[in-house]
1. Would you be able to say whether some residue in the stretch 187-204 is surrounded by 19 or more Cβ atoms within 10 Å (Cβ to Cβ) and within 16 Å of residue 122 (Cβ to Cβ)?
2. Step by step: first the residues of the stretch 149-169, then only those that are within 16 Å of the ligand (Cβ to nearest atom) and on the phi < 0 side of the Ramachandran plot, then the one that is most open to solvent (accessible area, probe 1.4 Å). Which residue is that?
3. Go through the stretch 142-188 residue by residue and tally those that are under 24 Å from residue 200 (Cα atoms) and part of a helix (DSSP H, G or I).
4. Pull up the stretch 80-93, narrow it to residues that are surrounded by 13 or more Cβ atoms within 10 Å (Cβ to Cβ) and more than 22 Å from residue 18 (Cβ to Cβ), then point me to the one that is nearest to the ligand (Cβ to nearest atom).
5. Quick check on the stretch 112-130: of everything there that is surrounded by fewer than 19 Cβ atoms within 10 Å (Cβ to Cβ) and in a loop (DSSP other than H, G, I, E, B), which residue is modelled with the lowest pLDDT?
6. More than 20 Å from the chain's Cα centre (by Cα), modelled with pLDDT of 95 or more and more than 25 Å from residue 236 (Cβ to Cβ): which single residue out of 19, 61, 15, 6 fits that description?
7. Could you please find all residues in the stretch 14-58 being open to solvent by 40 Å² or more (accessible area, probe 1.4 Å) and among the β-branched types (Val, Ile, Thr)?
8. (1) open to solvent by less than 10 Å² (accessible area, probe 1.4 Å); (2) in contact with an Asp or Glu (Cβ under 7 Å, 6 or more places away or on another chain): which one isn't true of residue 146, the others all being true?
Amino acid sequence: MIKVRNLTFKAGKRNLVDNLSFDVKKGELLAVLGANGAGKTTLMKLLCRDIKPDQGEVFINDKAITAYSLTDLAKTRAVLQQHNTLSVSFLVEELVMMGRYVHFDQQPGLHDHEVLKQVMIETGITHLAGRDYNTLSGGEQQRVQLARVIAQIYDNPNACLFLDEPTNGLDLQYQQQIMVLARSMADRGYTVICILHDINFASRFADQIIMLKNGKKVADGTPLSVINTGNIELTFNIKVKLMASEDYDCPLVFPAAAASPHMQGM
Ligand SMILES: Nc1ncnc2c1ncn2[C@@H]1O[C@H](COP(=O)(O)OP(=O)(O)OP(=O)(O)O)[C@@H](O)[C@H]1O
């Protein structure tokens with residue numbers, strides 16, 4: 001469970017994150033939507049204590065994140081960053097085991113190996129175990145990185161999982177697989193916060209959506225309550241059409257044919 005209260009982060013005079021407050025319950029998946037530069041990654045960095053806020057506080061399981069030791073924080077939240085390039089070679093299984101570093105001193109124990117095995121099965125990467133990470137496709141690399149962060153918090157279903165654009169650059173099948181995995185983590189009790197660019201994926205997989213613009217909250221609520229043309233136009237400066245879906249409660253979103261005046265001016 002995560003609570004965010006009056007969170008503000010400034011760069012110079014500009015508020016990149018501007019007085020944000022929200023809660024995400026245990027077992028929920030929150031999707032954060034917003035245009036490029038809206039402040040999504042800055043928010044994520046604040047949530048995982050990578051950077052310090054100018055104002056406000058983040059609580060994980062009712063404890064301020066500033067009160068956690070580094071070790072306890074690493075066992076309480078795991079972060080899939082946006083860019084995961086490596087300059088040195090690692091085997092896939094070595095890289096996934098890095099997620100367990102916080103759990104052992106010198107050598108991984110039996111339990112760490114068991115977690116490694118389970119996580120690799122769940123993320124569908126067992127067949128890649130002996131491969132050099134740098135030789136994998138983008139989609140395979142993303143699943144390996146996700147396996148690493150899941151391994152980090154595997155023993156603690158009260159933990160938070162932060163995913164910054166986990167589907168970035170992936171084909172539709174890999175996008176789907178990553179989102180199914182993120183959803184399954186929430187269903188197992190984890191609190192999942194996921195930055196996404198695809199509105200339809202957000203409404204399909206999230207319990208809650210926050211839309212950001214210039215670091216401020218434009219809308220916050222269930223997909224059904226926030227996915228409407230007004231909120232989307234305000235957030236993304238784009239006209240969209242909504243189409244009712246037979247399979248899902250929430251309407252599907254498509255860009256309208258004509259570019260918005262903002263786009264025409266580019
Ligand atoms: N340390 C910093 N100093 C100054 N400006 C910054 C800093 N970090 C981020 N910014 C700016 O703040 C804005 C928000 O950045 P952020 O990375 O949070 O956006 P985002 O919503 O994640 O964007 P994208 O979808 O493109 O990844 C951007 O205009 C960025 O250039």
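1. yes
2. Ranking the qualifying residues of the stretch 149-169, first place goes to 168.
3. Total meeting the criteria: 20.
4. Once the filter is applied, the top-ranked residue is 81.
5. Per the criteria, the residue is 124.
6. From the options 19, 61, 15, 6, the qualifying one is 6.
7. 41, 51
8. (2)
The values are calculated or read from the model by the stated rules, or taken from the named source; none is laboratory data. Note that this is a predicted model, so its numbers are computed, not measured. Using ideal geometry, Cβ is built from the backbone for each residue, glycine included, and neighbour counts are taken over all protein chains shown. Surface accessibility is based on the protein's heavy atoms, side chains included, excluding ligands, DNA and RNA. Shrake-Rupley method; radii C 1.70, N 1.55, O 1.52, S 1.80 Å.
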